[in-house]
Amino acid sequence: MAEQENEDRTEQASEKRLQDAREKGEVPRSRDLAGAMIVLAGVTALLTNGQQMYGHARQIYRLGMSYPREALFTDRLPLHVLSAAGHEALALLLPLLIATVLGTLSAPILIGGLSFSAQALQPKFDRLDPIAGVGRLFSMNGLVELGKSLLKLGFIGGALVLLLRHAESAVLATGSGSVRAGIGEMLTLLGQAGLMFGLVLGFIGGIDALWQRFDYNRRHRMTKQELRDEHKDTDGSPELKNRIRQVAQQLSRRRMMQELPKADVVVVNPTHFAVALKYDDSRMRAPRVIAKGVDVLAQQIRLVASAHRIPLVEAPPLARALYATTQLGQEIPSALYVAVAQILAYVYQLRQATEHGDPAPPPPRPEVDPDLQGHYREP
(Lines give C-alpha, C1' and ligand atoms only; values in the text may rest on other atoms or scores of the structure.)
Protein backbone atom coordinates (compact mmCIF):
# COMPACT_ATOMS: atom_id res chain seq x y z
CA MET A 1 0.00 0.00 0.00
CA ALA A 2 2.83 2.40 0.89
CA GLU A 3 4.68 1.54 -2.33
CA GLN A 4 1.54 2.21 -4.35
CA GLU A 5 1.12 5.58 -2.62
CA ASN A 6 4.73 6.52 -3.39
CA GLU A 7 4.26 5.56 -7.04
CA ASP A 8 1.26 7.89 -7.23
CA ARG A 9 3.30 10.85 -5.92
CA THR A 10 4.62 11.97 -9.27
CA GLU A 11 4.22 15.74 -8.91
CA GLN A 12 6.78 18.12 -7.47
CA ALA A 13 5.86 19.69 -4.14
CA SER A 14 4.11 23.03 -4.37
CA GLU A 15 5.36 26.17 -2.65
CA LYS A 16 2.58 25.87 -0.08
CA ARG A 17 3.54 22.27 0.69
CA LEU A 18 7.17 23.24 1.20
CA GLN A 19 6.23 26.27 3.31
CA ASP A 20 4.03 24.10 5.54
CA ALA A 21 6.94 21.68 5.93
CA ARG A 22 9.29 24.50 6.94
CA GLU A 23 6.79 25.69 9.55
CA LYS A 24 6.91 22.19 11.03
CA GLY A 25 10.71 22.28 11.10
CA GLU A 26 11.08 19.88 8.17
CA VAL A 27 14.02 21.13 6.12
CA PRO A 28 16.85 19.20 4.45
CA ARG A 29 19.75 18.73 6.84
CA SER A 30 23.05 16.85 6.64
CA ARG A 31 24.82 15.98 9.89
CA ASP A 32 27.92 14.95 7.94
CA LEU A 33 28.12 18.30 6.15
CA ALA A 34 27.57 20.15 9.44
CA GLY A 35 30.30 18.11 11.14
CA ALA A 36 32.68 18.71 8.25
CA MET A 37 32.11 22.46 8.30
CA ILE A 38 32.72 22.61 12.06
CA VAL A 39 35.90 20.52 11.81
CA LEU A 40 37.24 22.52 8.87
CA ALA A 41 36.46 25.81 10.56
CA GLY A 42 38.10 24.71 13.81
CA VAL A 43 41.21 23.33 12.12
CA THR A 44 41.52 26.45 9.97
CA ALA A 45 41.32 28.63 13.07
CA LEU A 46 44.00 26.53 14.77
CA LEU A 47 46.35 26.64 11.78
CA THR A 48 45.95 30.37 11.11
CA ASN A 49 46.04 31.48 14.76
CA GLY A 50 48.39 28.83 16.12
CA GLN A 51 51.19 31.20 17.11
CA GLN A 52 48.85 33.59 18.94
CA MET A 53 47.06 30.73 20.68
CA TYR A 54 50.38 29.22 21.69
CA GLY A 55 51.42 32.57 23.17
CA HIS A 56 48.22 32.80 25.22
CA ALA A 57 48.70 29.22 26.47
CA ARG A 58 52.26 30.04 27.58
CA GLN A 59 51.00 33.13 29.35
CA ILE A 60 48.42 31.08 31.27
CA TYR A 61 51.18 28.65 32.29
CA ARG A 62 53.44 31.52 33.34
CA LEU A 63 50.66 33.09 35.47
CA GLY A 64 50.32 29.89 37.44
CA MET A 65 54.04 29.28 37.95
CA SER A 66 55.74 32.65 38.29
CA TYR A 67 54.86 35.63 40.47
CA PRO A 68 56.80 37.90 42.83
CA ARG A 69 57.48 36.86 46.43
CA GLU A 70 55.56 39.83 47.79
CA ALA A 71 52.39 38.55 46.09
CA LEU A 72 52.38 35.53 48.42
CA PHE A 73 51.58 37.77 51.37
CA THR A 74 48.47 39.39 49.84
CA ASP A 75 44.99 37.95 49.55
CA ARG A 76 44.53 39.42 46.08
CA LEU A 77 46.89 36.99 44.39
CA PRO A 78 44.34 34.22 43.61
CA LEU A 79 41.83 36.73 42.27
CA HIS A 80 44.47 38.41 40.17
CA VAL A 81 45.75 35.13 38.75
CA LEU A 82 42.25 33.85 37.97
CA SER A 83 41.22 37.11 36.32
CA ALA A 84 44.35 37.30 34.17
CA ALA A 85 44.14 33.61 33.27
CA GLY A 86 40.47 34.03 32.36
CA HIS A 87 41.29 36.86 29.95
CA GLU A 88 44.08 34.83 28.40
CA ALA A 89 41.83 31.77 28.09
CA LEU A 90 39.15 33.89 26.41
CA ALA A 91 41.69 35.27 23.95
CA LEU A 92 42.95 31.72 23.38
CA LEU A 93 39.55 30.19 22.66
CA LEU A 94 37.81 33.14 20.97
CA PRO A 95 39.08 32.44 17.40
CA LEU A 96 38.15 28.78 17.77
CA LEU A 97 34.68 29.63 19.12
CA ILE A 98 33.99 32.14 16.33
CA ALA A 99 35.16 29.70 13.66
CA THR A 100 33.04 26.83 14.98
CA VAL A 101 29.94 29.05 15.28
CA LEU A 102 30.38 30.18 11.68
CA GLY A 103 30.86 26.57 10.61
CA THR A 104 27.73 25.54 12.51
CA LEU A 105 25.63 28.22 10.77
CA SER A 106 27.10 27.71 7.30
CA ALA A 107 25.97 24.11 6.83
CA PRO A 108 22.21 24.78 7.25
CA ILE A 109 22.48 27.86 5.04
CA LEU A 110 24.15 25.86 2.27
CA ILE A 111 21.61 23.04 2.13
CA GLY A 112 18.24 24.22 3.38
CA GLY A 113 18.46 27.67 4.95
CA LEU A 114 18.10 28.70 8.56
CA SER A 115 14.74 27.77 10.06
CA PHE A 116 13.25 27.85 13.55
CA SER A 117 10.00 26.08 14.35
CA ALA A 118 8.31 25.70 17.70
CA GLN A 119 6.54 22.60 16.39
CA ALA A 120 9.88 20.83 15.98
CA LEU A 121 10.49 21.24 19.73
CA GLN A 122 7.30 19.42 20.69
CA PRO A 123 7.87 15.85 21.97
CA LYS A 124 6.93 13.02 19.61
CA PHE A 125 6.09 9.98 21.70
CA ASP A 126 5.59 7.80 18.63
CA ARG A 127 9.39 7.72 18.26
CA LEU A 128 9.51 5.70 21.50
CA ASP A 129 7.73 2.80 19.80
CA PRO A 130 10.34 -0.01 19.53
CA ILE A 131 8.58 -1.67 16.60
CA ALA A 132 8.60 1.56 14.62
CA GLY A 133 12.25 2.02 15.57
CA VAL A 134 13.17 -1.39 14.16
CA GLY A 135 11.26 -0.49 11.01
CA ARG A 136 13.30 2.70 10.63
CA LEU A 137 16.52 0.72 10.97
CA PHE A 138 15.64 -1.42 7.95
CA SER A 139 14.13 1.40 5.89
CA MET A 140 15.79 3.01 2.88
CA ASN A 141 16.98 5.89 5.03
CA GLY A 142 18.45 3.46 7.58
CA LEU A 143 20.35 1.60 4.89
CA VAL A 144 21.68 4.88 3.51
CA GLU A 145 22.88 5.90 6.99
CA LEU A 146 24.61 2.53 7.41
CA GLY A 147 26.30 2.93 4.04
CA LYS A 148 27.46 6.42 4.96
CA SER A 149 28.91 5.18 8.25
CA LEU A 150 30.88 2.44 6.52
CA LEU A 151 32.02 4.90 3.87
CA LYS A 152 33.20 7.37 6.50
CA LEU A 153 35.02 4.63 8.42
CA GLY A 154 36.82 3.40 5.32
CA PHE A 155 37.74 6.78 3.82
CA ILE A 156 38.70 8.56 7.05
CA GLY A 157 40.55 5.58 8.49
CA GLY A 158 42.43 5.00 5.24
CA ALA A 159 43.35 8.70 4.90
CA LEU A 160 44.69 8.88 8.45
CA VAL A 161 46.71 5.67 8.02
CA LEU A 162 48.29 7.08 4.86
CA LEU A 163 49.11 10.31 6.68
CA LEU A 164 50.76 8.46 9.57
CA ARG A 165 52.79 6.29 7.22
CA HIS A 166 53.93 9.39 5.36
CA ALA A 167 54.98 11.09 8.64
CA GLU A 168 56.44 7.92 10.21
CA SER A 169 60.05 9.06 9.95
CA ALA A 170 59.27 12.48 11.43
CA VAL A 171 57.40 10.91 14.34
CA LEU A 172 60.29 8.55 15.14
CA ALA A 173 62.79 11.41 14.96
CA THR A 174 61.02 13.51 17.61
CA GLY A 175 62.73 11.60 20.41
CA SER A 176 66.19 12.72 19.29
CA GLY A 177 65.43 16.43 19.24
CA SER A 178 64.41 19.06 21.76
CA VAL A 179 61.13 18.91 23.65
CA ARG A 180 59.90 22.12 22.04
CA ALA A 181 60.64 20.86 18.55
CA GLY A 182 58.93 17.57 19.32
CA ILE A 183 55.82 19.31 20.61
CA GLY A 184 55.77 21.50 17.49
CA GLU A 185 56.10 18.48 15.24
CA MET A 186 53.26 16.69 17.00
CA LEU A 187 51.00 19.76 16.82
CA THR A 188 51.73 20.09 13.12
CA LEU A 189 50.89 16.42 12.59
CA LEU A 190 47.66 16.80 14.56
CA GLY A 191 46.74 19.85 12.48
CA GLN A 192 47.37 17.97 9.25
CA ALA A 193 45.36 15.01 10.52
CA GLY A 194 42.49 17.29 11.49
CA LEU A 195 42.57 19.03 8.13
CA MET A 196 42.56 15.72 6.26
CA PHE A 197 39.75 14.47 8.48
CA GLY A 198 37.72 17.58 7.71
CA LEU A 199 38.35 17.37 3.96
CA VAL A 200 37.34 13.71 3.74
CA LEU A 201 34.32 14.34 5.92
CA GLY A 202 33.47 17.36 3.76
CA PHE A 203 33.56 15.20 0.63
CA ILE A 204 31.23 12.69 2.25
CA GLY A 205 29.07 15.53 3.59
CA GLY A 206 28.72 17.02 0.11
CA ILE A 207 27.45 13.70 -1.24
CA ASP A 208 25.13 13.39 1.76
CA ALA A 209 23.82 16.94 1.21
CA LEU A 210 22.85 16.06 -2.37
CA TRP A 211 21.14 12.91 -1.14
CA GLN A 212 19.30 14.75 1.63
CA ARG A 213 18.02 17.34 -0.86
CA PHE A 214 16.87 14.60 -3.24
CA ASP A 215 15.27 12.59 -0.43
CA TYR A 216 13.54 15.70 0.94
CA ASN A 217 11.99 16.49 -2.44
CA ARG A 218 11.03 12.83 -2.92
CA ARG A 219 9.30 12.61 0.46
CA HIS A 220 7.29 15.77 -0.20
CA ARG A 221 6.07 14.86 -3.67
CA MET A 222 2.33 15.12 -4.21
CA THR A 223 -0.31 13.23 -6.10
CA LYS A 224 -2.35 14.91 -8.80
CA GLN A 225 -5.39 14.77 -6.51
CA GLU A 226 -3.48 16.52 -3.71
CA LEU A 227 -2.49 19.27 -6.11
CA ARG A 228 -6.09 19.72 -7.23
CA ASP A 229 -7.31 19.78 -3.63
CA GLU A 230 -4.65 22.34 -2.70
CA HIS A 231 -5.59 24.58 -5.60
CA LYS A 232 -9.21 24.27 -4.59
CA ASP A 233 -8.42 25.21 -0.98
CA THR A 234 -6.18 28.08 -2.05
CA ASP A 235 -8.19 29.57 -4.88
CA GLY A 236 -11.62 28.31 -3.95
CA SER A 237 -13.82 25.87 -5.84
CA PRO A 238 -15.04 26.88 -9.34
CA GLU A 239 -18.64 26.79 -8.11
CA LEU A 240 -17.85 29.18 -5.27
CA LYS A 241 -15.90 31.52 -7.54
CA ASN A 242 -18.76 31.57 -10.05
CA ARG A 243 -21.21 32.33 -7.27
CA ILE A 244 -19.03 35.17 -5.99
CA ARG A 245 -18.74 36.53 -9.53
CA GLN A 246 -22.51 36.41 -9.97
CA VAL A 247 -23.13 38.20 -6.68
CA ALA A 248 -20.56 40.87 -7.60
CA GLN A 249 -22.21 41.38 -10.97
CA GLN A 250 -25.63 41.69 -9.34
CA LEU A 251 -24.35 44.28 -6.89
CA SER A 252 -22.64 46.20 -9.69
CA ARG A 253 -25.85 46.20 -11.75
CA ARG A 254 -27.86 47.33 -8.75
CA ARG A 255 -25.54 50.28 -8.10
CA MET A 256 -25.57 51.08 -11.82
CA MET A 257 -29.36 51.19 -11.91
CA GLN A 258 -29.38 53.43 -8.84
CA GLU A 259 -27.06 55.88 -10.60
CA LEU A 260 -28.94 55.74 -13.92
CA PRO A 261 -31.61 58.39 -13.03
CA LYS A 262 -28.77 60.95 -12.75
CA ALA A 263 -27.82 60.49 -16.43
CA ASP A 264 -28.15 63.33 -18.95
CA VAL A 265 -28.61 61.09 -21.97
CA VAL A 266 -28.63 57.43 -22.98
CA VAL A 267 -26.94 56.64 -26.29
CA VAL A 268 -28.48 53.54 -27.83
CA ASN A 269 -28.20 51.16 -30.69
CA PRO A 270 -31.90 50.48 -31.25
CA THR A 271 -31.87 46.96 -29.79
CA HIS A 272 -28.46 45.81 -28.56
CA PHE A 273 -26.49 48.60 -26.82
CA ALA A 274 -27.29 51.30 -24.28
CA VAL A 275 -24.78 53.66 -22.63
CA ALA A 276 -25.82 56.32 -20.09
CA LEU A 277 -23.70 59.50 -19.87
CA LYS A 278 -23.44 62.14 -17.15
CA TYR A 279 -21.64 65.48 -17.48
CA ASP A 280 -21.15 68.19 -14.86
CA ASP A 281 -18.76 70.84 -16.14
CA SER A 282 -18.07 72.05 -12.58
CA ARG A 283 -16.79 68.66 -11.36
CA MET A 284 -15.86 66.64 -14.44
CA ARG A 285 -13.25 67.15 -17.12
CA ALA A 286 -15.27 65.06 -19.59
CA PRO A 287 -18.57 63.16 -19.71
CA ARG A 288 -18.61 59.97 -17.67
CA VAL A 289 -20.26 56.59 -18.30
CA ILE A 290 -22.54 55.74 -15.36
CA ALA A 291 -24.39 52.77 -16.90
CA LYS A 292 -24.02 50.49 -19.89
CA GLY A 293 -25.33 47.16 -21.08
CA VAL A 294 -26.14 44.92 -24.02
CA ASP A 295 -29.24 42.99 -25.00
CA VAL A 296 -31.42 42.35 -21.89
CA LEU A 297 -29.51 44.78 -19.69
CA ALA A 298 -29.66 47.41 -22.45
CA GLN A 299 -33.44 46.95 -22.55
CA GLN A 300 -33.63 47.47 -18.77
CA ILE A 301 -31.56 50.66 -19.08
CA ARG A 302 -33.91 51.94 -21.76
CA LEU A 303 -36.96 51.24 -19.58
CA VAL A 304 -35.50 52.97 -16.53
CA ALA A 305 -34.38 55.94 -18.65
CA SER A 306 -37.84 56.28 -20.20
CA ALA A 307 -39.46 56.12 -16.77
CA HIS A 308 -37.27 59.05 -15.59
CA ARG A 309 -37.67 60.97 -18.87
CA ILE A 310 -34.01 60.72 -19.79
CA PRO A 311 -33.51 61.34 -23.54
CA LEU A 312 -32.69 58.28 -25.64
CA VAL A 313 -30.54 59.16 -28.64
CA GLU A 314 -29.93 56.59 -31.37
CA ALA A 315 -26.30 56.66 -32.51
CA PRO A 316 -25.28 53.03 -33.17
CA PRO A 317 -21.57 53.60 -33.95
CA LEU A 318 -21.13 55.87 -30.93
CA ALA A 319 -23.02 53.48 -28.62
CA ARG A 320 -20.76 50.59 -29.67
CA ALA A 321 -17.62 52.72 -29.31
CA LEU A 322 -18.60 53.94 -25.84
CA TYR A 323 -19.36 50.39 -24.71
CA ALA A 324 -16.05 49.06 -26.08
CA THR A 325 -13.71 51.81 -24.83
CA THR A 326 -15.09 53.00 -21.46
CA GLN A 327 -15.69 51.20 -18.17
CA LEU A 328 -18.30 52.15 -15.60
CA GLY A 329 -17.36 55.33 -13.75
CA GLN A 330 -14.69 56.31 -16.28
CA GLU A 331 -14.53 59.41 -18.42
CA ILE A 332 -14.90 58.94 -22.15
CA PRO A 333 -11.69 58.90 -24.25
CA SER A 334 -10.64 62.10 -25.98
CA ALA A 335 -11.25 60.52 -29.38
CA LEU A 336 -15.01 60.58 -28.64
CA TYR A 337 -15.20 64.15 -27.31
CA VAL A 338 -16.57 65.64 -30.55
CA ALA A 339 -19.17 62.92 -31.07
CA VAL A 340 -20.44 63.08 -27.47
CA ALA A 341 -20.43 66.90 -27.59
CA GLN A 342 -22.84 66.71 -30.56
CA ILE A 343 -25.12 64.41 -28.56
CA LEU A 344 -25.11 66.70 -25.49
CA ALA A 345 -25.74 69.76 -27.65
CA TYR A 346 -28.70 67.98 -29.20
CA VAL A 347 -30.08 67.10 -25.74
CA TYR A 348 -29.76 70.77 -24.66
CA GLN A 349 -31.53 71.94 -27.83
CA LEU A 350 -34.23 69.31 -27.31
CA ARG A 351 -34.90 70.55 -23.78
CA GLN A 352 -35.09 74.15 -24.98
CA ALA A 353 -37.49 73.20 -27.76
CA THR A 354 -39.70 71.24 -25.34
CA GLU A 355 -39.84 74.16 -22.87
CA HIS A 356 -40.82 76.69 -25.57
CA GLY A 357 -43.09 74.37 -27.54
CA ASP A 358 -40.87 74.49 -30.61
CA PRO A 359 -40.37 71.56 -32.98
CA ALA A 360 -37.65 69.08 -31.99
CA PRO A 361 -34.31 69.54 -33.72
CA PRO A 362 -33.04 66.81 -36.03
CA PRO A 363 -30.97 64.16 -34.18
CA PRO A 364 -27.24 64.23 -34.91
CA ARG A 365 -25.35 61.56 -36.78
CA PRO A 366 -21.87 61.77 -35.21
CA GLU A 367 -18.99 60.15 -37.03
CA VAL A 368 -16.90 57.65 -35.06
CA ASP A 369 -13.63 55.94 -35.92
CA PRO A 370 -14.58 52.30 -36.65
CA ASP A 371 -11.47 51.07 -34.80
CA LEU A 372 -12.89 52.46 -31.54
CA GLN A 373 -15.78 50.00 -31.76
CA GLY A 374 -13.45 47.04 -31.23
CA HIS A 375 -14.96 43.64 -31.95
CA TYR A 376 -18.44 45.20 -31.74
CA ARG A 377 -17.83 46.84 -35.10
CA GLU A 378 -20.45 45.95 -37.69
CA PRO A 379 -19.12 44.20 -40.79
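The values are calculated or read from the model by the stated rules, or taken from the named source; none is laboratory data. Just so we're clear, the structure is a prediction, and the values are computed from it rather than from any experiment. Here Cβ is always computed from backbone atoms with ideal geometry, including for glycine, and neighbour counts include all displayed protein chains.
Some points to look at:
- When each of Leu344, Leu328 is tested for being assigned to a helix (DSSP H, G or I) and among the hydrophobic types (A, V, I, L, M, F, W, C), the lone residue that passes is Leu344.
- Here Val81, Val39 are screened, and the one residue that is in contact with a helix residue (DSSP H, G or I) (Cβ under 7 Å, 6 or more places away or on another chain), surrounded by 13 or more Cβ atoms within 10 Å (Cβ to Cβ) and either modelled with pLDDT under 75 or of a type in the set (Lys, Arg) (or both) is Val81.
- Checking Gln327, Gln342 one by one, the residue that is surrounded by fewer than 12 Cβ atoms within 10 Å (Cβ to Cβ), under 26 Å from Met257 (Cα atoms) and in the same structural domain as Val294 (by TED's automatic domain parsing) is Gln327 and no other.
- Long-range neighbours under 7 Å by Cβ, at least six apart or interchain, first residue closer than 17 Å to Ser334 by Cα and free of Cβ contacts under 8 Å to residues at least 40 places away in the same chain within segment 279-303, second buried (at least 22 other Cβ atoms within 10 Å of the Cβ) and of a type outside the set (A, V, I, L, M, F, W, C): none
Results for (1) assigned to a helix (DSSP H, G or I); (2) within 30 Å of Gln51 (Cα to Cα); (3) modelled with pLDDT of 80 or more, shown as yes or no for each residue.
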site: Val161; (1), (2), (3): yes, yes, yes
site: Leu172; (1), (2), (3): yes, yes, no
site: Ile183; (1), (2), (3): yes, yes, no
site: Thr188; (1), (2), (3): yes, yes, no
site: Val200; (1), (2), (3): yes, yes, yes
site: Arg213; (1), (2), (3): yes, no, yes
